[in-house]
Amino acid sequence: MKKIIVLLGIVFAFNLIQAQDDNLPAPSSKPKPEKPVMPNEQFHGFGKHKGPDLSKWIIEPDFNFAVITGGISVGLSPNIGYNVWKGLFVGGGLTYIYTGYKNIGFTDNIGGTHYANAQWHTFGGGVFLQYNIWKGLFVRSRFEVLHRILDDINNGSVQLNSQGNGYTVYIPKVQTTIPNLLLGVGYNLLESRNFFFPIMVSYNVLNSVTDKQYALYPKGWVFQLGFVNIF
């Protein structure tokens, strides 16, 4: 019986000492076990940056082409737009067009004909609003400002050279800046929402107040077939 009482006293004393150790400040107290990290609480670092939503953009890599009397025009007019509300897109683009004339005939004062080449350079840019009405059908308005550097073939002349023994064709240079406001309707031939390959017809409502002699759209109309503008 005495042995049992002594054994119980030893166990009681041991538990009392252990409880006192737990109440002591570190480093005397026993370290608390760390809380296990759950899989969904692990730190994953910085996530990948979310890129732009390309479905909200429209891209139209347009070209310009026209056959004119004695020459040809070629150029680029790429456009890009962003969907700001439902079917409404706002965007802009740049334009560069080269026009070259070959063998333009000019008559001297005695009836002789002399030939020369000429060049036109057109560059500028603009902004547009486009609303997709239904499926591929859309309407568009575009305001642009174009600067033109032209060999003025309408006012070219033939003059005697400085030695007086021959003729030289003289073509003056003209620089002019022309605004245009094109209103049009079209249909996108592709099912893609953001890559346009349209058939479109537009009219320049400022045509009546611009100088037809130097205008890019002398008749006011612009026809677009796919990526090619024909005017």
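Quick check on my filter: what residues within the range 75-87 are more than 16 Å from the chain's Cα centre (by Cα) and modelled with pLDDT of 90 or more?
Within the range 75-87, just 75 meets the criteria.
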Checklist entry - If you go through the range 166-173 one residue at a time, do you hit one that is at pLDDT 85 or above and open to solvent by less than 20 Å² (accessible area, probe 1.4 Å)? => result no
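If you scan the range 139-157, which residues turn out to be of a type in the set (S, T, N, Q) and modelled with pLDDT under 90? Write out each step before concluding.
Taking the range 139-157 and keeping what is of a type in the set (S, T, N, Q), we get 141, 154-155, 157.
Residues satisfying the conditions are 154, 155, 157.
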Checklist entry - When residues of the range 180-231 are filtered for being modelled with pLDDT of 90 or more, hydroxyl-bearing (Ser, Thr, Tyr) and open to solvent by less than 70 Å² (accessible area, probe 1.4 Å), how many remain? => result 1
Next on the checklist: If I go through the range 194-214 residue by residue, how many of them are out of contact with any Lys or Arg (no Cβ under 9 Å at 6 or more places or on another chain) and either hydroxyl-bearing (Ser, Thr, Tyr) or not in a strand (DSSP E or B) (or both)?
Outcome noted: 10
Checklist entry - When you look at residue 97, is it under 20 Å from residue 197 (Cβ atoms) and either in a loop (DSSP other than H, G, I, E, B) or at pLDDT 55 or above (or both), yes or no? => result no
Checklist entry - Which residues, taken from the range 123-150, are surrounded by 20 or more Cβ atoms within 10 Å (Cβ to Cβ) and more than 14 Å from residue 182 (Cβ to Cβ)? => result 150
Next on the checklist: Restricting to the range 68-86, count the residues that are hydrophobic (A, V, I, L, M, F, W, C), in contact with a strand residue (DSSP E or B) (Cβ under 9 Å, 6 or more places away or on another chain) and either over 14 Å from residue 120 (Cβ atoms) or touching a residue at least 60 places away in the same chain (Cβ under 8 Å) (or both).
Outcome noted: 3
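Considering each of 103, 109, 79 in turn, give the residue that is farther than 18 Å from residue 223 by Cα and part of a strand (DSSP E or B). Can you show your working first?
Values: 109 fails: part of a strand (DSSP E or B); 79 fails: farther than 18 Å from residue 223 by Cα.
Unique residue meeting the criteria: 103.
The values are calculated or read from the model by the stated rules, or taken from the named source; none is laboratory data. Please read these numbers as outputs of a predicted model, since none were measured by experiment. With ideal geometry, Cβ positions are generated from the backbone for all residues, glycine too; neighbour counts draw on all protein chains shown. Quick note on the areas: whole protein, heavy atoms, side chains included, nothing else; ligands and nucleic acids left out. Shrake-Rupley method; radii C 1.70, N 1.55, O 1.52, S 1.80 Å.
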